[in-house]
Amino acid sequence: MKVTRRQFLKVTGATVASFAVIDLGFDMTATASEVKGVRTAGISPIPTICPFCGCGCGLVVYSKDGAPADGPQLLSIQGDPDNPINRGGACSKGSALMNLREIYSPETGEQEINPERKTKPLYRASNSTKWEEKDWDWMIDEIAKRVKKTRDDYFEHQDENGIIVNRCEALASLGGAALDNEEVNLIVKLNKALGMNYVEHQARI
C-alpha cells in the first residue's frame, strides 16, 4: 500500500501525541465518554450538495427523527471530507447553512427559529439610519415602481451614432447563488427585456 507523506505525518503525529498523553499520566476516560456523548454521536451523516454556487461542494447533514408533527431535527451541517471538490471545507455561505432554517437547540431539545434569520422584508428610506419592517406586497410594488421609473428615465433607443441599442445602463442585475437554472433563465429574459447590459452573478465576484 502506498502511503503519502501527509498520511505518514498524520499517523505518526497521532501516535506520538497518544504516547505523550499516556506518559504524562492523564486519565482520558472522562474525555472519551464526553466525545461519545456529542449531539451527532451514533447518527449517520447524510451526504448532499451545497445549494449555492455552481462549484458543487459536498456537505454532510446530521439530523435525527423528532415528533411526527415536527419532522427531523437538524443538528449540524459540515463539509464532506470525502468530496473531491471541497475535501471537507466550506465557504462562508456553505458554513452558514444552519442559519437558513430552524435549528436544534441543545438547551431545550426542540427545534427553534434561528434568531439570526430575517423573516420579514426590511426597508431603509433614503438618508435614514433605521430599518423598517414592511409587508411583501408593499416591497414588491415599490421595487416595480422604481424599476419602471428608472427604465423610463434612462432607456436609450439609439446611441450618439444613431445605432439602435435599446439599452438601459442605469439598471443592473446581480444573481444569487441559491437560484437554479430555470430561475436564472427567467431572470435573464426579464433583464434583457428591460434593456440591461450589466448582468452578473454573485458566485463570480
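In the structure shown, the pairs 120/189; 149/189; 64/118; 93/118; 93/130 are assessed against 21 Å; a Cα-Cα span above that value is assigned to 120/189; 64/118; 93/130.
Oblate is the label for region 122-204, because a/c, from the alpha-carbon gyration tensor with a ≥ b ≥ c as root eigenvalues, is 1.5 or above and a/b does not exceed b/c. Taking 7 Å steps out from each Cα toward its Cβ at residue 202 and residue 161 produces label points 3.7 nm apart.
Which GluC sites (Glu not before Pro) in region 160-205 pass both tests, a DSSP loop state and at most 11 other beta-carbon atoms within 10 Å?
Counting only loop positions with at most 11 other Cβ atoms within 10 Å, the GluC sites (Glu not before Pro) in region 160-205 are 160.
Just so you know, all these numbers are worked out from the coordinates, no wet-lab data involved. Owing to the predicted nature of the structure, the values given are computational and were not obtained by experimental measurement. Neighbour counts run over all protein chains shown; Cβ positions are idealised from the backbone, glycine included.
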